[in-house]
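The block underneath contains the structure these notes are about, expressed in structure tokens.
The values are calculated or read from the model by the stated rules, or taken from the named source; none is laboratory data. Since the structure is predicted, the reported quantities are computational estimates derived from the model, not experimental observations. Glycine gets a Cβ as well: all are built from the backbone with ideal geometry, and neighbour counts include every protein chain shown.
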Amino acid sequence: MKNTNYISIFLLIIFSSLIYSQEIPNASFENWNGNNLDGWHIVNTQLYINVSQSSIAHSGSSSLRGEIIEFSFPPAPPVPAIPFLYPGTAVNPSFPVSQNYAALNGYYQFYPSTPNLLLGPHFVITLIDAQGGTVAQTETWLLSETISTWQSFTIPIDYSVGNSGEATHAQLEIQIGELEEDDIPAAYGTYFLLDDLSFTGIAGITKEDDIKVSEFSLKQNYPNPFNPTTQINFSIPKTENVKLDVYNLLGQKVASLVNDNLSAGSYTTDWNAENLSSGTYIYKMTAGNIVQSKKMVLIK
């Protein structure tokens, strides 16, 4: 019985970690209540449903399906109903984030109803600081012809249009790209599937020039203790995929600072823990088969 309890606690910690580390709510589109997507606001109405759950999934059991449909309410002429949704609520269209991410990633399929129709999923990504200012903003269309198998995408987040602050919240709007009036009749029935969204990387990671590195090294953060920002330095002697994550003492991942393929050298990155409570945290670097970790203390 005692061993069973230990296993149950261990699985609970892992499960909690997976939930906690996913900052985009319900990013794999698994949890639905009818036509309502948990954690998201969908602009469906009582008169039409054009955003729904699909059983065609990249992972798990479901994905999101958005379709352009013809909507009419006589005596008004028919108009296109464009799929439109965002994480959050109609009152608060945002969600908390722990850092300035470098990119939005995900998987999609696309099915235009007419060949050569220049359309595709449309994303607007906005990162916001604690004062409500814009830290970064990116608007991107994934214009394409038919894609009938899951295609990965990466959208770099543009920090040139915002201030130099630290993001505490994000907004993410998803729809289908704007229609030209002449394209409207041919666009009805066009739809996309979307799955497994994630933020990756960190904007602002810097590499020190002309420094030769002979070994893997994760240095103690500075300052330590800190409130609420600190700097972390690490070195790698060869090109590796490097992950730098932060965990609380329960083993829950609270931030992913680096997840990139980096060349040999010394690097510096900053972490803002404004949204977290005081306490001891573990930061862990994984580079190939090398794993190093250290403790740091947040005092507010």
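List of remarks:
- Boolean, residue 148 is among the polar types (S, T, N, Q), free of Cβ contacts under 8 Å to residues at least 40 places away in the same chain and within 23 Å of residue 30 (Cα to Cα): yes
- Options 41, 58: the member that is touching a Gly at 6+ places or on another chain (Cβ under 9 Å), more than 24 Å from residue 187 (Cβ to Cβ) and at pLDDT 95 or above: 58
- Residue 182 satisfies every condition listed in (1) touching a residue at least 12 places away in the same chain (Cβ under 8 Å); (2) under 30 Å from residue 70 (Cβ atoms) except (1).
- Counted as qualifying within the stretch 188-300 are the strands (runs of 3 or more DSSP E) with 1 or more residues that are among the aliphatic types (A, V, I, L, M) and loosely packed, with under 14 Cβ neighbours inside 10 Å, namely 290-298.
- Looking across the stretch 57-105, the residues that are small (Gly, Ala, Ser) and surrounded by 14 or more Cβ atoms within 10 Å (Cβ to Cβ) come down to 57, 62, 63, 66, 81, 88, 94, 98, 102, 103.
- In the stretch 149-174, the residue that is surrounded by the fewest Cβ atoms within 10 Å (Cβ to Cβ) out of those that are more than 18 Å from residue 271 (Cβ to Cβ) and modelled with pLDDT of 95 or more is 149.
- Of the residues examined, residue 229 is not one that is among the β-branched types (Val, Ile, Thr) and outside the structural domain of residue 269 (by TED's automatic domain parsing).
- Residue 173 vs. criteria over 25 Å from residue 261 (Cα atoms), part of a strand (DSSP E or B) and either in contact with a helix residue (DSSP H, G or I) (Cβ under 6 Å, 6 or more places away or on another chain) or outside the structural domain of residue 273 (by TED's automatic domain parsing) (or both): yes
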